[in-house]
Structure formats: C-alpha cells, structure tokens
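So the structure is just underneath, and the comments pick up after that.
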Amino acid sequence: MLPAIPLHSRLRPRRGPELLRARAAVYLVFLANGLGFANLVPRFPEIVEQLGLSKAAFGQAVAAASVGALVAGLAASWLISRLTSARVASLGMLVVALALLGAGLARSWIVLAACLLVMGGTDAIVDVAQNAHGLRVQRRWGASIVTSFHASWSLGAVLGAAMGQAMAGAGVGLGTHMTLTAMVLLVISVGPLLVGWFLPGHDSAERAPDQVGAFDDSREAPPTVSSRRSLPVTILVLGVVGLLCADSMFPEDVAMNWSSLLLSEQGATAGRVGLGLVALQGTMIVGRLVGDRIIDAVGQRAVIAWGGALVTLGMSIALLLSSVAGTLIGMAISGAGCAVAVPVTYSAADDIEGLPPGLGLTIVSWLARLTGLLAPPVVGWLADDHGLWVALAYGLLGGLVMVTCWPVLRRRPAEARAS
C-alpha cells in the first residue's frame, strides 16, 4: 500500500533545475539593467567639462533618453511576440551596453544625445521584456517572486554608482570605464541566454485561460470571468492600472529630483542633502527583499492599499513637520509604502484579460514613463510660485491614488493551486 501524500505536497509546484536557472537568469538581467546607466551617472560632471556643455545643453542630452523611451517603448510587445521576452531582454542589454560605450567615447553633444536616445529607447524595451519573463517564471514558481527581481535592479543601481564613483576617483578614463562596463553587462545579461538558462518557448506558455485577467491572491477562487470582456472595459482597466503604476512612482521622483533642494532649503549641510534619496531607496530595497512574502501572505490588493496609506502618512509627516528630520522620516516611510507597487502593477498589467502577452505591460510602462517626463516640469513651475512643499504634495498625491485605485486589481486563485 502506497503511503498517503500530504495535500500541501501535492499542491506544491515543481521547482526543478530549469526553473531555478530561469529565476537566476532574470535576476542577472535585472542586475545588469540597474548596473549599466548607474555607472555613467558619477561621470556626468566629467562629460560636461570635456564637451564644454552648458547645464541646459546637458539637460537636453539627458532628456533624449526619456524621448527615446517614449518613442521606442511601445515596440516592446511587438518584439516580444516575435522574439520572446528572453531574447529581447538579453539582446536589448547588448544594445544598451554599446550605447553606454558610445556615450563614454562621445566627443560632441549630438553624439552624446544620440547614444542616450538609443539607450533610453532600448532600456524601455528591456524593462518590459525582463518583467515579462520574470512573470513567466513567477507563474511556474507558484508564489510571488517578482519584487525580488526589482530588488536585484536596485542592488545593481547601487553597485553601478559605487563602481562609477570608484573609477572616477581612481582616474580611469571615461572610455576605458565604459568599455569595462559594457563587457560586464555582456557577461551578466547575454551569458544566460547563450547557455540556455531562460525558459524556452513562447511567452503565452504559462497562461491558463482561467488565469488571465486575475491579479490578487485569494484563498477562494472567484467565479470564472468571461474572456469576452468588452473593449471599453479593457481600456478602462488598462488606464487605471497605468495611472496606479505612474503615481506609485511619484515618491521616487520626489526623492530623486526634489529632496536635495528641499533639504538644502530646510538647512541641511551639503554633505547631507542626499540623505532624502538614501532614506527612500534604503527602505525600498528592504521592502523589495521581503515584499514577495508579504504579497503571498496578504495579497496584492492589500499591499497596494496599505502601501498607499504609508506613502500618504510619510508625505504628510514631511509636509507637517517641514524640517530636515521630518523630511527624512517621511521619505523613509514613503519608501516602504511604494517599494513593491511597481512590480505589482506590472504584474497586473501583464495579466489584463483579452490582451496578447506583453501588450498590457508595454502600455502601462509607457504611460508611466510619459507621466514621469511630464510631471517634473509641472512640479517645478508650481514650486517656483508656491515653494518646494509642492513637491511633497506631489508625492502625497501618489499615495492617495494608491489608496483609491487598488480595487481595480482583481482577485485571483492562489498561484500555487494553479500550478
């Protein structure tokens, strides 16, 4: 007589070597994606000096990356459907590496801007593809793991900035530095493709018909939803998810673009004005490392709702206290609130019912980048007239949208059961 097999063992998904390798491959692509551009950032003062650029000219060159992202980003779904997300993510990083090398070797503004244009456009495509493949792996894994991929990106960004600063401090030439960076990116991102670590097959392979369009973990499976969702409803859901994704990035934008100016105005010394970004990114990294376990425990809808509440609380504290300590506390709390919001909304976008693989993710990513391009000038214009507290109100708006829009993330059966 065969021994009884416990129910939890029968429901546990198989995680063989193929799946473990695929997860490692996605980690490496995310790491490379964060590592690349971060290496160039510490060399910006040197680039400005070498090319004799004004601040306005340099700003226009950097803006070319955002323009490239908006122009090329919508091609991601088309490329994924023809080449698969694995090839697009891996080979896209090859293009990013070459564009970074070109930027390092540039001897004129037009060449620098062109390289950043290509890099920004390709990065937008890679962003969609790496998330699409990460979500393929997550479906087979049977539990939430997507936030850990984004933690790998954050780690890559920190390592890239440290590497760039070390190279600059050691007096390594910009061309040599970018050559070494390109080689590292090629090994990390293209290597897994060459050795076959990514999941094989088309990106729709893991999509069961009754899973499409469901976003949130639930103990009980909801009634089956008809796959014939009307186009207006699909567009509405896509728009709300895009708004949710974009607004969940507002706290990051506040920390990146405005916190140093705000802290300086509040009396922070020159060596401390960067602590706002450190406070927010520090809690974001921690949040992304533990985020998957929290999502599995309480579900994605609760994570977005309570995350929005934390962002609202953090930005409110910064607004009310209007001090260096208050701003830092507010940034730290807000970072915890928005840590997993982008991975969750990307996952929701990729599962919108009635859309081919990668299309929802492509559109939502594009809408978020468009908002990220348009919002900073508006905030700057308002801040000139009313003060830098407007930037904190901008971050507060992001938290309020998260608190309001979480119901659009529909319930879904537990992924382990589906596996």
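The values are calculated or read from the model by the stated rules, or taken from the named source; none is laboratory data. Worth saying up front: this structure is predicted, and the values here are computed from it rather than measured. Cβ placement follows ideal geometry from the backbone for every residue including glycine, while neighbour counts extend to all protein chains displayed. With ligands, DNA and RNA removed, areas are computed over all heavy atoms of the protein, side chains included. Shrake-Rupley method; radii C 1.70, N 1.55, O 1.52, S 1.80 Å.
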Per 0.36 nm of contour for each residue apart, how much would the distance between residue 286 and residue 378 grow if the chain were fully extended, relative to their Cα-Cα spacing? 30.0 nm
Potential lengthening between residue 49 and residue 170 on full extension [0.36 nm per residue; Cα-Cα distance subtracted]: 41.8 nm
Please compute the length gained on full extension between residue 297 and residue 24, using 0.36 nm multiplied by the number of residues separating them and subtracting their Cα-Cα distance. 95.9 nm
For the range 15-78, the dipole about the Cα centre with charges only on Cβ (Lys and Arg +1, Asp and Glu -1), to the nearest 20 debye, works out at 260 debye
Projecting each Cα onto the charge dipole of the chain (Lys/Arg +1, Asp/Glu -1 at the beta carbon, about the Cα centre), which of 282, 314, 409 comes out farthest on the positive side? 409
Quick one: if you stick a label point 7 Å off each Cα along the C-beta vector at residue 162 and residue 71, how many nm between them? 3.6 nm
Amide H contacts under 5 Å for residue 144, restricted to residues at least 5 apart in sequence or on another chain and with H modeled in the peptide plane, are 296
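Rounded to the nearest percent, how much of the accessible area of the chain (1.4 Å probe, protein heavy atoms only) is carbon and sulfur?
Exposed carbon and sulfur together represent 70 percent of the surface.
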Once the dipole of the chain is set up with Lys and Arg at +1 and Asp and Glu at -1 on Cβ about the Cα centre, which of 58, 204, 268 lies farthest towards its positive end? 204
To the nearest 20 debye, the chain has a Cα-centred charge dipole, built from +1 on Lys and Arg Cβ and -1 on Asp and Glu Cβ, of 1200 debye
Protection-proxy order for peptides 175-183, 373-381, 161-169, each taking the mean of Cβ atoms within 10 Å per residue, highest first: 175-183, 161-169, 373-381
Connecting every pair of Cα atoms under 10 Å apart in the chain and solving the GNM, the largest mean-square fluctuation among 63, 132, 170 falls on 170
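Taking only C-alpha pairs under 8 Å that are 6+ residues apart, what is the relative contact order of the chain in percent?
Here the relative contact order equals 25 percent.
Report relative contact order for the range 56-130 in percent, whole number only (criteria: Cα-Cα under 8 Å, sequence separation at least 6). Each step should come with its number before you reach the end.
Details: 103 pairs, mean separation 40.8, N = 75.
Computed value for the range 56-130: 54 percent relative contact order.
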Efficiency of FRET between residue 111 and residue 370 - r from beta-carbon atoms, R0 35 angstrom, step 0.05: 0.85
Considering only protein heavy atoms, what per residue accessible area in square angstrom results for the range 121-182 with a 1.4 angstrom probe? 27 Å²
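Just to be sure I understand the rule: take each whole DSSP H helix in the chain, project its Cα atoms onto its long axis, keep it if the span is 18 Å or more and its mean Kyte-Doolittle hydropathy is at least -0.5. Which ones pass?
17-40, 55-72, 85-105, 109-141, 146-169, 231-248, 275-298, 300-321, 324-338, 359-386, 389-405
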For labels at residue 202 and residue 95 in the simple 7 Å Cα→Cβ model, what's the distance in nm? 2.3 nm
Can you give the Rg to Rh ratio of the range 243-351, both from alpha-carbon atoms, with Rh computed by the Kirkwood formula? 1.01
